[in-house]
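Student: Below is the structure I would like to discuss, written out as structure tokens.
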Amino acid sequence: MATVRAGDAFAVYGLLRKGASGFARFGLERAFRPLGPCTIPGLIHDLGGYPGLVEGKGEVVGELFEVIDPSVIARLDAFEDYYPQAPDRSRYLRRQITLLTPARKAWVYVWNQPVEGAPLVAHGDWLEWADTR
């Protein structure tokens, strides 16, 4: 189980983005320092009110942050149903991946379940998609 440390980069693409419900709920304005927009490799699907990032040839709109207070990560893991000791039971996995832009490694939550039947968000921007639903 890899540990998120202060100073690590963390990329978000859905409910944890600034302006979305999870950002304020978890106090990310205090726990994370904004680094700007980012592009995450993969595809996102609408899973019924929240997105799931999966591997694929696509680009997902995200926001990049520096972790200031790593104690928030345990609460985010619980929110994302990520169980480090039981990845097979986890809905999401927290992984370090290389972003498309900027070209650097960042922690990202990746969907860990099938996406059959879940609409693809073709343009890759969850907040834009959610605003039109």
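Computed from the coordinates by the stated procedures, all read-outs in this text should not be read as laboratory data. On a predicted model such as this, the values are computed, not experimentally measured, just so you know. Every residue, glycine among them, receives a Cβ derived from its backbone with ideal geometry; neighbour counts consider all protein chains shown.
Student: Taking the Cα centre as origin and putting +1 on Lys and Arg beta-carbons and -1 on Asp and Glu beta-carbons, what dipole magnitude results for the chain, to the nearest 20 debye? It would help to have the intermediate numbers written out before the result.
Tutor: Values: 15 positive and 16 negative charges, 70 e Å.
Using Cβ point charges on Lys, Arg, Asp and Glu, the chain gives about 340 debye.
Student: Still on this structure, I have one more. Rounded to the nearest 0.05, what FRET efficiency is calculated for residue 86 and residue 116 with R0 set to 25 Å and r the Cβ-Cβ distance?
Tutor: The formula returns an efficiency of 0.60 here.
Student: Calculate, axis by axis, the spread of Cα positions in segment 75-133 along the three principal axes, and write the results as whole Å, longest axis first.
Tutor: 36, 31, 22
Student: Pull up the DSSP beta bridges for segment 9-131 and report the antiparallel fraction as a percent, rounded to 5. Working shown, then result.
Tutor: Details: 26 of 27 bridges.
Taking every DSSP beta bridge within segment 9-131, about 95 percent pair in antiparallel fashion.
Student: Place a point 7 Å from Cα of residue 104 in the direction of its Cβ. Which residues in segment 39-65 have their backbone N less than 20 Å from it?
Tutor: Zone members listed by number: 39-42, 60-65.
Student: In a shell of Cβ-Cβ distance under 11 Å around residue 80, excluding residue 80 itself, what net charge do Lys and Arg (+1) and Asp and Glu (-1) give? If you can, show how the numbers build up before the last one.
Tutor: On the way: positive: 75, 91, 94; negative: 77, 81.
Cβ neighbours under 11 Å give a net charge of +1.
Student: Would you give the gap between the C-alpha center of segment 8-63 and the C-alpha center of segment 73-133, rounded to a whole Å?
Tutor: Cα centroid to Cα centroid, the span is 8 Å.
Student: How many nm is it between the label spots at residue 133 and residue 25, if each spot is 7 Å from the Cα in line with the beta carbon?
Tutor: 1.3
Student: Still on this structure, please answer the following. How compact is segment 9-131 by the rule of thumb for globular proteins, expressed as Cα Rg over 2.2 N^0.38 Å? Mind showing how you got there, number by number?
Tutor: Working: Rg = 13.3 Å, N = 123, 2.2 N^0.38 = 13.7 Å.
Its radius of gyration relative to the 2.2 N^0.38 Å reference: 0.97.
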